[in-house]
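Student: What follows is a structure written as structure tokens; I'll ask about it next.
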Amino acid sequence: MNPAPSKKGPVRDVEVITTHVNADYDALASMLAAAKLYPEAMLVLPGSQERNLRNFFVDSVCFLYNFVKVKQVPFERVRRLILVDTRQKERIGPLGPLAEDPEVEVHAFDHHPDSGNDVKTSYQIVEPVGATVTVLSQLLRNQGITLNDDEATLLALGIYEDTGSFTFSSTTPADYEAAAWLLSQGAMLGVVANLITRELSAEEVGLLNDLISSAETLNVGGTSLVVSQVSRDFYVPEFAVLVHKFMDMENLDALFALARMEGRIYLVARSRLPEVDAGAIAQSLGGGGHPTAASATLKDMTLVEASERLKNVLRSSINPTILARDLMTSPVITVPAETTLKEAEQVLTRYNVNVMPVSQDGNVKGIITRQTVEKAVYHGLGHLSVVEYMTPHVEMLSPMASLLEVERAVVERRQRLVPVMEDGQLLGVITRTDLLNTLIENPLVTERLVDRYEGPRPVRHKNVKSIMAERLPRRVMAILKEMGQVAQELGFKVFLVGGSVRDLFLRRENLDLDVVVEGDGMALARRFGEMHPEVRVRTHKKFSTAKIVFEQSGLSLDVATARLEYYDSPAALPVVELSSLKLDLYRRDFTINTLAVQLNPPGFGLLIDFFDGLRDIKEKAVRVLHNLSFVEDPTRVFRAVRFEQRFGFRIGKLTEGLVKNAIKIDAFKRLSPRRLFGEFRQMLEEERAVACLQRLRDLKLLYVFHPELKLEPKDEELLEDLDEALAWHRLSFLDHPVQQWLVYYLGLSDPLPPKDRQALGRRLGMSPKQRDELEGERQRALKAMNHMQRKKPAASEIYFLLHSQRPEFQLYIMAKATRQWAKRAVSQYMLSLSRVRPEVDGEALKALGFAPGPLFKRILDRLMAARLDGEVLTREQEEQLVMKEFKIPGERA
């Protein structure tokens, strides 16, 4: 197979065959069968296979195949990913990113039904048969590919295991045909029987006994099923085998078994009932499978929590009598798209509802909530259309949708209201309350049924102490632990918050530490300072904040009392009041910045995630917390762009729509020049500053600074040349410090005429003196550049043209110059010429008999030129030149 060329990076010439974690015989055998179809491919198990796969026979068969470990896979060279026995990214462990790489084509062979989590494939064969080996055996047979005895036996083993030796209801005639062909290829049924029907160990008998003892029979929607759970400190690979044996022994119709092993919860599901879809239930818990057999791995929860969650899913899944039409409220109160926010407020009040659909030409365009409407009206935006601040792209259901589909829309998509549509007509709506009333006996589910950004919501917990220990220096960990201990003694709660928590998960170094105190932040800081005389503590009573500075290390810690903020008007500075941690986090700009870590013992290291910040970090999305975020503080738009470019994230679709709304109402016009300059400067200090400016252009935001800033292609070229000049400066380790923002500012404002540059400086809060000085320096730099471009300048010319220029303007010349010798002249000056000094100085001139005065400068400049151009090389030669060309005052010729 020919390697696929790539526009950038290495050639993509590697194929990888893989399957799901916790591979069984069907998965392993399918990988070997796929290797017959893709003979050059690497075979990679994403996790550890079941221990009963690890025996001499299996190892000897696999030995001749190209099995490699995950860490040996050259990810950047993979051009094709071949999935067997699964199509879900979440089930292939560390190989998941390959399934999303646009340069990797995905082939799949599977026998599980389609699911919403399936990866996008360029080629796939999926058949509703008992085993994936059956699908691949048919392909091998059709292509005339033969197997040896051992290979045929291993493939047969996969079919026998996944069909329960042809006893499962999922068995099809195709499975028998495949097994018959494998027998003709030399499959040894004695080996299959020995591996399938082996004796249980004492450990396995004990686990099976625990499964039977803990079994609990549930009646859900008239259907009887069994839930069982066990716990072990070690991993038991044969758990799935034992679950199946339990089902056969007790002749159960449906069994859901949970096991806590090595800190994780494993689910194995088996069903013989058409109304109990084991695959759909496992998928709701993050796993997968087919209707008769499925599995899932549940992380970050206890066995009790996992059991409750499973029961909730069972109750919502296995209830064929409850459909969307049974839950919906009708008739529906809607508002047309052209309705103003003020009018919508009146409708909400009149009918006493908190959320309603927005319709246009008979179609539902989105939903609008009371909280959004009231806040918009408060900020004087009541004249705008509801379309501007509604939540678009809502999921709609048919009246025949199941209770599980309704729950997914409300819980997973966090919709406060779900429209029910049929033939383009709005029949009714389902609210959170409607669903809560149906599931009222399930508190774990109802706790989760909350809007993403409004009202009470669940807290997601995860202990990140080990991540902190890995990413933070020891001295910082010690400080944070002591801070938690002091807070505990004072009766306060203290949390690490902000960018340092976010960057733990982005694996970026960030020692800009912020803590929030539920209590008195200033009192906590003062107590900490009393215990450490070597630190300085500064407090700010108005905002109940403090700063702890560690003099020796240079480390500092910002301490704030939990507070909330509200805005009297768009773009105003916030009014601050005391609050709780949750409300303190709600005032922040984006969900990715709302994570908090508890510092109090014994819960040190507990991550608190009210607003799905961790999920957005994983999805690489920048999202605001509410629809009026950019109206209240338009500078958040610039921060969104900075974070997007810094982290390689993307601004969420709804958030980008809110950016456009902020532009439409010109929310930026009230921003003070000081605040605007602060955001502008921070953006230009970013590592990817040019990309930030390009994104501002694409979002049509450059007008905020000046209406004539366009960033045309030729303007981009100058900025990219400045980027290269700055990179050269950094790599050269020069002594001259450079203000990066000023370099980019010179490039961005270069296309503007002087009058518009003055206006730009004024918008950014520069004083008339600062604007005039900048313009004067620019003109001197351009004059020097033009001089150097006429002809190759001598070293002394370069020096005297550039030595009075600031480094930022020197780099501006380097980037803007079109002649290579002019660019090299700047680099020559910065690397070497700027360091040249004559050995004869003022004291030496006085010793020669010259009196201080204007003549000194002429002499020293002449000496500098002579040194630079190689006329003189030693001190003696310098003195001779002085005595030859300059007359000592009062001395006779």
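Student: How tilted is helix 653-664 with respect to the longest principal axis of the chain? Cα atoms for both, answer in degrees (0 to 90, nearest 10).
Tutor: It works out to around 40 degrees.
Student: Add -39500 (n - 2.57) for each DSSP H run of 4 or more in the chain, then divide by its residues: what number comes out at 222 nm, to the nearest 500 deg cm²/dmol?
Tutor: -13000 deg cm²/dmol
Student: Taking every DSSP beta bridge that has both residues in the chain, what percent is antiparallel when rounded to the nearest 5?
Tutor: 65 percent
Student: What do you get for the angle between helix 689-698 and the principal long axis of the chain? Use alpha-carbon atoms, 0 to 90 degrees, nearest ten.
Tutor: The answer is roughly 70 degrees.
Student: How much FRET efficiency would the formula 1/(1 + (r/R0)^6) give for SER330 and ASP149, where r is the Cβ-Cβ distance and R0 is 45 Å, rounded to 0.05?
Tutor: It comes out at approximately 0.10.
Student: A further question on this structure: Per Stokes-Einstein, at 10 °C and 1.306 mPa s, what whole-number D in µm² s⁻¹ belongs to segment 115-211, with the Kirkwood radius over Cα pairs as the hydrodynamic radius?
Tutor: Value of D from the Cα-based Kirkwood radius: 106 µm²/s.
Student: Which whole-number value in Å³ per residue fits the convex hull of the alpha carbons of segment 273-347?
Tutor: So the per-residue Cα hull volume is 184 Å³.
Student: Efficiency by 1/(1 + (r/R0)^6): what FRET value for ILE212 and LYS71, r their Cβ-Cβ distance, R0 = 51 Å, to the nearest 0.05?
Tutor: Using R0 = 51 Å, I get an efficiency of 0.80.
Student: Here is a follow-up. If the cut-off is 13 Å between C-alpha atoms, which aspartates and glutamates fall inside it for LYS823, apart from same-chain ones fewer than 8 positions away?
Tutor: Answer for LYS823, where 13 Å is the Cα cut-off: ASP721, GLU724, listed by chain and number.
Student: Can you pull out the GluC sites (Glu not before Pro) in segment 458-540 whose DSSP state is coil and whose Cβ has at most 15 other Cβ atoms within 10 Å?
Tutor: GLU509, GLU534
Student: For segment 797-878, just say rounded, prolate or oblate: build the C-alpha gyration tensor, square-root its eigenvalues into a ≥ b ≥ c, call rounded for a/c under 1.5, and beyond that prolate if a/b exceeds b/c, oblate if not.
Tutor: prolate
Student: Using label points projected 7 Å from each Cα along Cα→Cβ, tell me how many nm separate LEU183 and LEU200, to one decimal.
Tutor: Calculated label separation equals 3.0 nm.
Student: Let me ask something else. Anything over 21 Å Cα to Cα? Flag those among LYS620/LYS664; LYS664/LYS755; LYS375/LYS660; LYS71/LYS620; LYS342/LYS700; LYS669/LYS700, in the order listed.
Tutor: Exceeds cut-off: LYS620/LYS664; LYS664/LYS755; LYS71/LYS620; LYS342/LYS700.
Student: From the P(r) of the chain, can you give the percent of Cα pairs sitting at distances over 46 Å?
Tutor: Beyond 46 Å sits 46 percent of the P(r) for the chain.
Student: Continuing with this model, one more query. Report the full-extension gain for the segment GLU775 to ARG646: residue separation times 0.36 nm, less the Cα-Cα distance, to one decimal in nm.
Tutor: Contour length minus Cα-Cα distance gives 43.4 nm.
Student: Determine how large the accessible area of LEU95 is when every protein chain is in place; take a 1.4 Å probe and give Å² rounded to the nearest 10.
Tutor: The accessible area of LEU95 comes to roughly 0 Å².
Student: Could you give the angle, 0 to 90 degrees to the nearest 10, between helix 132-142's Cα long axis and the longest principal axis of the Cα atoms of the chain?
Tutor: So the inclination is approximately 90 degrees.
Student: Please sort 149-157, 290-298, 345-353 by packing, taking for each peptide the average over its residues of neighbouring beta carbons within 10 angstrom, highest first.
Tutor: Answer by packing, highest mean first, reads 149-157, 290-298, 345-353.
Student: So, R0 is 35 Å and r is the distance between the beta-carbons of ARG232 and ARG474; what FRET efficiency does that work out to, to 0.05?
Tutor: So, using R0 = 35 Å, E works out to roughly 0.50.
The values are calculated or read from the model by the stated rules, or taken from the named source; none is laboratory data. Keep in mind that this is a model prediction, so the values were computed, not measured. In this analysis, Cβ positions are derived from the backbone assuming ideal geometry, glycine residues included, and neighbour counts consider all displayed protein chains. Just so you know, the surface numbers come from the protein's heavy atoms only, side chains and all, with ligands and any DNA or RNA stripped out. Shrake-Rupley method; radii C 1.70, N 1.55, O 1.52, S 1.80 Å.
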